[in-house]
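Working notes, beginning with the structure itself.
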Amino acid sequence: CICTGLWFSPASIKAQQATPVAAKIELKHGSHRIGKRTDEVMQKWRGYGLGQFIHWGLYAIPGGEWNGKQYNGAAEWIRSWNGIPKSTYDSLIYKFNPVNFNADEWATTAKQMGAKYVTITTKHHDGFCLWPSKYTSYTVANSPWKKDIMKPLVDAYDKAGIDVILYFSVMDWNHPGWRYDIKTKEDSVAFEGFKQFTRNQLIELLTMYPTAKGLWFDGTWDKSWVKQAEFADQLETEMRKLRPGLIIGSRFRADEKGKRHFDANNVLMGDYEQGWERKLPNKIEDVHGNDWDCVMTVPENQWGYNKAWKGHIKTANELIEMTAKSVSLGGNFVLNFGPQGDGAIRKEEKQLATQIGNWMKINKEAIYNCQYAGLEKQDWGYFTKKTGGNKLYMVVFNAPVSGAYRVKLPAKMGITKAYALATPTQSLSTEEIHTNEYFIHLKKQGGDQPFVIVLETKNSSDNSGNVYDKAKT
Ligand SMILES: C[C@@H]1O/C(=N\OC(=O)Nc2ccccc2)[C@@H](O)[C@H](O)[C@@H]1O
């Protein structure tokens, strides 16, 4: 502190005080839990590693194009384009007849890829419902298809052992009561009706598809919904009571200060962070100790089917790296599929599912039920760690020309065995180059695929084996 004569200056008095922690703001509708959920349902979610997202609806019929003209935005947003009159788009319901739709084929594609969960659009922003909701006529029931789409999908994925999460867009361009903001008495009356409609549809979904493990909310960023902190909080409570264990992410509701994803005390809303949309965290600090998943498109930004399949299309290796990176930072990776208007999955997506699946068949041990290893990131790739076990996995994307893979372990942790996951009987030589720092030696592998090295570790109580004294700098 700065002393001026015998007296302390006010500045120095302030400087002496520890930096005050921001006083906790009293919130009625903020987060209701600090820290990760520890129940079984969430522990299973945490171990999924890889998931599938399905965006399917009326937007798949135009597929990003209208009257031969390309829409530049995301295909599932084509209704917002001036190139199509809204009423013309809305009448696509009379063209919804997906004769090649086969729920078992979709579930088989996901299974072959190695997905452990799937998030399926029940209703996107256009308001078209893939289930026969009794709260609106804008559903499959009033299309040429007539039948429920959600039931066969939920049953097929359940049968395949893939857990189902239901995507639901609060924003609903088809409902007369939807508002972007509430400015007038009329807005307020209309939106009250819309809120009840939304609550009714959500209770209906949870009742009709009771095996669904969670809800993936979207379309919740507009002021109209952000102002509904109390209603949304009560609705979340009602849904969790109806379906104990239900998983709801940070995108559903805002607190009474209008804060989304993290409340005014910077505490995560919901059960996991849902902000990683088409982007990945780079370091563990970015995820703030929370559960999270990353949802990713194959093209730059197309969730619904787009005929053009334009721009950079991610390769299987890129997507495998995003999966490994997600798991290495304690999250899951969810890859999007946009089935065609006729219900078939496009061949490019099927190819990717096969390529990723072939890699997962050999390397899934490094992805499923794994977590952040707590080790310093190395240039060759990503560490994952088996939850509740003593195995470390090195998922290699950049093999060093030296064939020497650097590994730094915490004190007292030793390596009892090292081997390439694909050839478990061939032990790799491990050289301790400094205290707790090793080279794992593996001569150059052929092929253009990422591969995994396994390190079996044990914690030694004594440190007697060290041959190096700490530098006395
Ligand atoms: C998964 C994607 O989710 C969306 N939007 O996600 C957002 O997070 N949108 C956003 C993000 C930041 C600010 C405002 C909106 C949708 O609009 C899109 O069609 C797709 O379903």
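The values are calculated or read from the model by the stated rules, or taken from the named source; none is laboratory data. Note that this is a predicted model, so its numbers are computed, not measured. Cβ atoms come from the backbone with ideal geometry, glycine included; neighbour counts cover every protein chain shown. With ligands, DNA and RNA removed, areas are computed over all heavy atoms of the protein, side chains included. Shrake-Rupley method; radii C 1.70, N 1.55, O 1.52, S 1.80 Å.
Kindly report the accessible area of region 296-372 per residue (heavy atoms of protein chains, probe 1.4 Å, no ligands, DNA or RNA), in Å².
34 Å²
Evaluate the chain: find the radius of gyration of its Cα atoms, find its Kirkwood radius, and give the ratio Rg to Rh.
Dividing the radius of gyration by the Kirkwood radius yields 1.04.
Under the rule of at least 5 residues apart or a separate chain, name every residue whose amide H is placed under 5 Å from the amide H of Asp181.
Residues meeting the amide H criterion: Ser224.
Given a 1.4 Å probe and every protein chain left where it sits, what share in percent of the accessible area of region 183-295 is carbon and sulfur? Show your work: numbers first, answer last.
Details: 2370 of 4540 Å².
The nonpolar share, carbon plus sulfur, comes to 52 percent.
Enumerate the lysines that Lys24 could reach by cross-link, defined here as Cα to Cα under 22 Å, with residues fewer than 8 away along the same chain left out.
Cα-Cα hits under 22 Å: Lys14, Lys36, Lys227, Lys257, Lys259.
Between exposed GluC sites (Glu not before Pro) in the chain, where DSSP calls loop and at most 14 other Cβ atoms lie within 10 Å, what's the longest gap?
In the chain, the maximal stretch lacking such sites is 27-299.
Using only Cα atoms, locate the centre of region 251-283 and the centre of region 405-451, then give the distance between them in Å, rounded to an integer.
If you average the Cα positions of each part, the centres end up 38 Å apart.
Once amide H atoms are built 1.01 Å from N in the peptide plane, which residues 5 or more positions from Gly304, or in another chain, come under 5 Å H to H?
Close amide H contacts, sequence-distant or interchain: Ala75, Glu76.
Apply the Karplus curve 6.51 cos²θ - 1.76 cosθ + 1.60, θ = phi - 60°, to the phi angles in region 382-392 and return the couplings in whole Hz, x for Gly and Pro.
Calculated HN-Hα couplings, in order: 10, 8, 10, 9, 5, 5, x, x, 10, 9, 10 Hz.
Sort out for me the Cα centre separation of region 358-378 from region 90-158, rounded to whole Å.
What the calculation gives is 32 Å, centre to centre.
With each run of n ≥ 4 DSSP H residues scored as -39500 (n - 2.57), what mean residue ellipticity at 222 nm is computed for the chain after dividing by its residue count and rounding to the nearest 500 deg cm²/dmol?
-7000 deg cm²/dmol
Give the long-range amide H neighbours of Leu50: residues separated by 5 or more places, or on another chain, with amide H under 5 Å away, using H modelled in the peptide plane at 1.01 Å from N.
Lys116, Phe333
According to a simple spin-label model (label point 7 Å from Cα along Cα-to-Cβ), what is the distance in nm between Glu230 and Thr425?
With each label placed 7 Å out from Cα toward Cβ, I get 7.1 nm.
Tell me the angle of helix 229-242 to the major Cα principal axis of the chain, expressed in degrees between 0 and 90 and rounded to the nearest ten.
Roughly 80 degrees, rounded to the nearest 10.
For Lys24 paired with Asp39, estimate the spin-label separation in nm (one decimal), with each label point 7 Å from Cα along the Cα-to-Cβ line.
Modelled inter-label distance: 2.3 nm.
Take the Cα atoms of region 77-129, build their convex hull, and give its volume per residue in Å³.
In region 77-129, the Cα convex hull volume per residue is 112 Å³.
Using θ = phi - 60° and the Karplus curve 6.51 cos²θ - 1.76 cosθ + 1.60, what whole-Hz ³J(HN,Hα) does each residue of region 247-261 get, with Gly and Pro shown as x?
9, 10, x, 7, 8, 6, 9, 9, 7, 6, 9, x, 7, 10, 6
Need one number: the % of Cα-Cα pairs in region 71-201 sitting beyond the 23 Å mark.
43 percent
Evaluate region 199-277: find the radius of gyration of its Cα atoms, find its Kirkwood radius, and give the ratio Rg to Rh.
Using Cα coordinates only, the ratio equals 0.95.
Distance in nm between label sites at Lys412 and Lys279, each 7 Å beyond Cα in the beta-carbon direction?
Here the modelled spin labels are 3.9 nm apart.
Using the C-alpha gyration tensor of region 120-263, what are the square roots of 5 times its eigenvalues, in whole angstrom, with the largest one first?
Here the semi-axes work out to 26, 19, 11 Å.
Mind listing which trypsin sites (Lys or Arg not before Pro) in region 117-166 are in a DSSP loop and have 15 or fewer other Cβ atoms within 10 Å?
Details: sites: Lys123, Lys134, Lys146, Lys147, Lys159; in loops: Lys134, Lys146, Lys147.
When the trypsin sites (Lys or Arg not before Pro) of region 117-166 are filtered for loop state and at most 15 Cβ neighbours within 10 Å, Lys134, Lys146, Lys147 remain.
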